[in-house]
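Worksheet: one structure, shown below.
Rule-based calculations on the coordinates, nothing more; no lab input. This structure is a prediction, so every number in the text was calculated from the model and none was measured. All Cβ positions, even for glycine, are placed from backbone atoms using ideal geometry, and neighbour counts span all protein chains on display.
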Amino acid sequence: MIEPEPVNLRAAWRDLKQNRRPLVVLALSAVVLAVVEYLFLAGAFAKLFPVEARQYAPGVVYGNWANVPAGREAPWWGVLAPWAWWVGGVTLLWVVVPALVAKRMKFGLPDLGLRVKGVLPKLWIYGVLYLIVLVGVLWASTRENFTQMYPMLKPWYCEKWCWAVLLSWWALYALQFFAVEFFFRGFMLFTLEKDFGTAAIAVMIVPYCMIHFHKPLPEALGAIVAGVVLGWLALRTRSIWGGWLLHCAIAITMDVASLLKGDYGLPQQIWP
């Protein structure tokens, strides 16, 4: 029979010290995920900066450039502002802050999955995974809930839909995916591995699935499978770069497939 443990400040402090690494990692994870959710999603930009949003991204504020009041002008890059806000937030909170905390715990950047050497011989595996997921992407491009979701930056937000906007969006998108991979398959996975071993993948999967709750159900469920596979590969290769490349390739493919199914299609001009 297990006897009850004492309940006092000394016992609490002892338990905290014994488990300080997972407690710090998971508590920090909860905080930064909550801050991103409430302050740094693209939709928060117009609420936090209404004047700037109407000045630089009126097409986003009014839902369509056709609804923007006559005479209103904005720079071509202004439509990117809400997503630049989002990407800046996740870069700060999912890369910079975790890297500084990990450094205090004696983890260098190479220890958090930023090695290249281990993943290079295994890149073919990520290529095979891309071909497998491509089947799902092509199916998703036939579903209205996916084509309405992607790309997140809609062509009708722009005064002039052009490659300068789309390529700039993809650059921001790629940076966001680096933040995702660094935080979940880098910071969370490699720090928690010290305490949980391979089971750290299971711990990481829960919040990783939850950040997909804004998206269609098949994608949220697919994130569980993808997170397990990418987490295991990250542990084996000691690198997040393969997962980042795969994430970018799939996301851009989904954007292209959705655009080709829509009324606007790919841009017809390079510059506004």
For the chain, modelled as a GNM with alpha-carbon contacts under 10 angstrom, which of Phe196, Phe40, Phe177 fluctuates the most? Phe196
What 222 nm value per residue comes from the helices of the chain, counting each DSSP H run with n ≥ 4 as -39,500 (n - 2.57) and dividing by all residues, nearest 500 deg cm²/dmol? -19000 deg cm²/dmol
Which of Ser141, Ser168, Ser258 fluctuates most in a GNM of the chain (C-alpha springs under 10 Å)? That residue is Ser168
Could you point to the residue in Pro82, Gly242, Ala11 farthest towards the positive end of the chain's charge dipole, with +1 and -1 charges on the Cβ of Lys/Arg and Asp/Glu respectively? Ala11
Cut-off under 27 Å on the C-alpha distance; same-chain residues fewer than 8 positions from Lys103 excluded. Which lysines are left, in chain and number order? Lys17, Lys117, Lys194
Listed residue (Trp156, Val24, Tyr56) projecting farthest to the positive dipole end of the chain, Cβ model: Val24
Loop only by DSSP, 12 or fewer other Cβ within 10 Å of the Cβ. Give me the GluC sites (Glu not before Pro) in region 9-74 that pass, ordered by residue number. Glu73
Only four residue types carry charge here, +1 at the Cβ of Lys and Arg and -1 at the Cβ of Asp and Glu. Report the dipole size of the chain about the Cα centre in Debye, rounded to the nearest 20. 760 debye
Treating cross-link reach as a plain straight distance, find the lysines whose alpha-carbon is under 28 Å from the alpha-carbon of Lys215, omitting any fewer than eight places away in the same chain. Lys47, Lys154, Lys160, Lys261
List the trypsin sites (Lys or Arg not before Pro) within region 73-141 that fall in a DSSP loop (any state other than H, G, I, E or B) and whose Cβ has at most 10 other Cβ atoms within 10 Å. Lys106, Lys117
In degrees, nearest ten, helix 241-261 long axis to first principal axis of the chain (Cα): 30 degrees
In debye, nearest 20, what is the charge dipole magnitude of region 76-225 about its Cα centre with +1 on Lys and Arg Cβ and -1 on Asp and Glu Cβ, if you could check? 340 debye
